[in-house]
């Protein structure tokens, strides 16, 4: 991690690399991913974050990984129809929470900035990046290991005490893989000059993409950073711990 700064609105910003720091300083775009099942993102906290983000960045988009969540539900053993129903219900609740937070922050309504991951099914660029990510994680690498570890932790957080097969963990990892295009090249997906992807906990699979050791490498205009309220920023060395939760905020354990 590179040096942490405390923003004037009392958020800490911790870029993953020097290039991520440069992208952050450009302040052209912030991508906020909000996952279902994440109690961290209350309406109040989201409102604070969105208000701060609009003062700090020229544009802000929010993505909710609806179709990706289906993989988690299937890995948990739900039949496909039930998995899709549960995912749809959870993501609708999160979407409504984002809208309420946006309004609470005093921002003009902007439905074109509130995305479900399924909205990108027709994006040729997203599909191409997803295919690259899927190919990358088929081969043994630190990136593949980090994706599988994240999947395992997410499944265990949803069903504590239960054991999961390798097949279930592989299926659940598709949730993580679906996020990877936004760690590799958000600018080409959303048509922005540069973009910083927001996370509130460290995640091993992000570090592996940033390092380029897993067959994927971020575009020059792509950055990632931990962004947290200053009062939540740890001062005990826990910054270096890798989150086991999914990158966009599943609150499985660190």
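Coordinate-derived values only; no laboratory data. Source: prediction; values computed, not measured. FYI the Cβ positions are ideal-geometry reconstructions off the backbone, even for glycines, and counts take in every protein chain you see.
Simple spin-label estimate for residue 123 and residue 93 gives 2.6 nm between the two label positions (7 Å along the Cα-to-Cβ direction from each Cα).
Using equal-weight Cα scatterers in the Debye expression, the normalised intensity of segment 66-176 in log10 at q = 0.18 Å⁻¹ is -1.02. Test of understanding: in a Gaussian network model of the chain with alpha carbons linked when under 10 Å, which of 220, 15, 36 would top the mean-square fluctuation ranking? Top of the fluctuation ranking is 220. Say we join alpha carbon atoms closer than 10 Å with springs in a Gaussian network model of the chain; which of 181, 160, 142 then has the biggest fluctuation? For the chain, modelled as a Gaussian network with Cα springs under 10 Å, the answer is 160.
Taking the alpha-carbon centroid of each part, what is the distance from segment 128-182 to segment 39-71 in angstrom? When both Cα centres are located, 22 Å separates them.
In this calculation the C-beta distance from residue 44 to residue 112 is compared with R0 = 25 Å, giving a FRET efficiency of 0.55. Kirkwood-type hydrodynamic radius, segment 96-143: 13.5 Å, calculated from all non-identical alpha-carbon pairs. Taking only Cα atoms and a 10 Å spring cutoff, compute GNM fluctuations for the chain and point out the largest among 110, 59, 136. Of 110, 59, 136, the Gaussian network model singles out 110 as fluctuating most. Along its three principal directions, the equivalent ellipsoid of segment 18-99 from the Cα gyration tensor extends over semi-axes of 30, 15, 9 Å, largest first. Please check which bits of segment 21-48 a label hung off residue 162 would reach, taking the label as a point 7 Å along Cα-to-C-beta and the cut-off as backbone N under 19 Å. Only 36-39 pass the distance filter.
Hydrodynamic estimate: the Kirkwood radius of segment 1-151 over Cα pairs, inserted into Stokes-Einstein at 37 °C and 0.692 mPa s, corresponds to D of 188 µm²/s.
Ordered from longest to shortest, the equivalent ellipsoid semi-axes for the chain are 25, 21, 19 Å, each the square root of 5 times a Cα gyration tensor eigenvalue.
Of all DSSP-defined beta bridges confined to segment 5-240, some 30% are antiparallel rather than parallel.
Fully extending the segment from residue 26 to residue 55, taken as 0.36 nm per residue of separation minus the present Cα-Cα distance, adds 9.1 nm.
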